[in-house]
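Notes follow the structure.
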Amino acid sequence: MTGLYTRCVANVLFPLQERLKHHDTARVRRALEASQWWSRTDLEALQLQRLRALLLRAARDVPYYRELFQSIGFDAAQVTCLDALRRLPFLTKALIRNNIEALKAERAEGLARFNTGGSSGEPLVFFIGRERVGHDVAAKWRATRWWGVDIGDPEIVVWGSPIELSAQDRLRHWRDAVMRTELLPAFEMSEARLDEFLARIRRRRPRMLFGYPSALSLIGSRAEKTGVRMDDLGIRVAFCTSERLYEHQRNTIERVFGCPVANGYGARDAGFIAHQCPSGGMHITAEDVIVEIVDGRGQPVPPGDSGEIVVTHLATGEFPFIRYRTGDVAALDPSPCRCGRGLPLLKDIQGRATDFVVAQDGTVMHGLALIYILRDLPEVAAFRIVQESLELTRVELVPGPGYGPSIASAIERGLMARLGAGVRIQIELRDEILPEKSGKYRYVMSRVDVREGALCAT
Ligand SMILES: [Zn+2]
């Protein structure tokens, strides 16, 4: 059952806002809602058609690809199957960093600049065109509606991006009020803060939650510990994203809020890659994204085997992402989903793991609070933060051009402002940051015991 207000927002106000931003979101979403039921064969035919268009445009308008295709003798007009992609080299973060201007399409308009800490902790600056924004928002919108909720339903968002948090202008307030979205900052999770969050969620009575699984389960544990009931508010679903979702987190969130957890996998750089449906399948946004799974030598693995996720985003004509290495690990699931959607499935996604850290005064913080201090520094090529104890935090750092003592002391000051003035910050320069033995990257690791809900500072 959908309320009149939600229908008005979803059918009129949100599409209008997207149109004003030149995004074709509503039309794309309607098309996606039809194509999700197509057969694998029809979806692959659509992928091939869009892949050809993307490669032809890259050959015509994007200097980096024009040169690349010439140098390896690749003719986009001759592409007749999806396997032709394998003739192209991978796109890496280092290649994007070194070719940032040559990757922009010559006639691109309205490119927006983004940056990300990335799954490996390597900061990355890149650009996103309007077409791609419209497609990513539409894919997220489609997945939202799989769960019987819609844009415009009351929502609590537990999030931590300082960019979004500082954009507290009037337009943003107006938009959040119309969309009925309330933002809770995920960075600082003191007991007092968590109690305030619980009160705000009870007051709002949201139909959906959205946030990091680590943050939502921490809020849930606090509710359980203090005996605050949260399963009587009518919450329909909790959307989790940006991090690996652990089984114990899923259990806590489902138990406390009395709703299913819907896992999403994607990132600003790689796009909206996959989302869980109510039958449990992690469906790939196959209309927009071609996913390859490759081994350590870059060769495709057999279906069902794990390997690195490589994505080609088909709506990126203005700044192409073709065979982009995500650094994350997953497997393609060859079995069909019970829901009947033809969209292929991902399983066993690993990679985005971010620990909580504990400040000297006992405040528990999301690891992103520390990542943001280093992420935007062009002088830092890659990093990993390891909280060894309440007294000592180490930063493993690959220096970039311009790195020097003033950058080092800026990092120290930034970390001490978060963790406490008495904390020792030890910066160690490295040639590279390697993943852990399991193959996954963890860019904030804490060895301090953060027992969920206990908020202990041992
Ligand atoms: Zn499904």
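Here, each number is a calculation from the coordinates, and none is a lab measurement. Just so you know, these numbers come straight off a predicted model, no measurement behind them. All Cβ positions, glycine included, derive from the backbone under ideal geometry; neighbour counts span all protein chains shown.
Things to note:
- Length gained when the stretch ARG424-THR226 is fully extended (0.36 nm per residue, less Cα-Cα span): 67.9 nm
- Extension gain, ALA112 to ALA77, is 9.7 nm, computed as 0.36 nm per intervening residue step minus the present C-alpha separation.
- The string of couplings for region 29-45 from the Karplus curve (6.51, -1.76, 1.60, θ = phi - 60°) is 4, 4, 5, 5, 5, 7, 6, 4, 8, 5, 6, 3, 4, 5, 5, 5, 5 Hz, one whole number per residue in order, with x for Gly and Pro.
- Leading residue at positive end of dipole, region 220-366 (Cβ point charges), from ALA238, GLY342, GLY317: ALA238
- Peptides 257-263, 311-317, 334-340, 292-298 ordered by average Cβ neighbours within 10 Å, highest first: 311-317, 257-263, 292-298, 334-340
- Normalised per residue, the volume of the convex hull around the Cα set of the chain (Å³): 149 Å³
- Potential lengthening between LEU4 and LEU434 on full extension [0.36 nm per residue; Cα-Cα distance subtracted]: 149.6 nm
- For the chain, with +1 on Lys and Arg beta carbons and -1 on Asp and Glu, the positive-most of PRO185, ALA138, LEU419 along the dipole: ALA138
- Relative contact order of region 1-95, pairs being alpha-carbon contacts under 8 Å that are 6 or more residues apart, as %: 18 percent
- Student exercise, the chain dipole from Lys, Arg, Asp, Glu Cβ charges, in Debye to nearest 20: 1060 debye
- Rounded to the nearest whole Hz, the Karplus-based 3J(HN,Hα) values (6.51 cos²θ - 1.76 cosθ + 1.60, θ = phi - 60°) of region 137-154 follow the sequence 5, 5, 5, 5, 5, 4, 5, 4, 6, 4, 9, x, 10, 8, 4, x, 5, x, with x at glycine and proline.
- Only Lys, Arg (+1) and Asp, Glu (-1) charged, at Cβ; region 1-114 dipole about Cα centre in debye: 240 debye
- For region 371-377, 3J(HN,Hα) computed residue by residue from phi via the Karplus equation (6.51, -1.76, 1.60; θ = phi - 60°) reads 4, 4, 5, 9, 4, 8, 8 Hz, glycine and proline entered as x.
- Distant-in-sequence amide H partners of THR316 (H built 1.01 Å from N, under 5 Å): PHE321
- Under 18 Å from LYS225, Cα to Cα: aspartates and glutamates that are on another chain or at least 8 residues apart: GLU191, ASP195, GLU196, GLU254, ASP449, GLU452
- Listed peptides 419-430, 318-329 appear in the order 318-329, 419-430 once ranked by packing, highest mean of other Cβ atoms within 10 Å at the front.
- Highest to lowest packing among 205-212, 91-98, scored as the average C-beta count within 10 Å: 205-212, 91-98
- With both residues required to sit in the chain, DSSP beta bridges show an antiparallel share near 60%.
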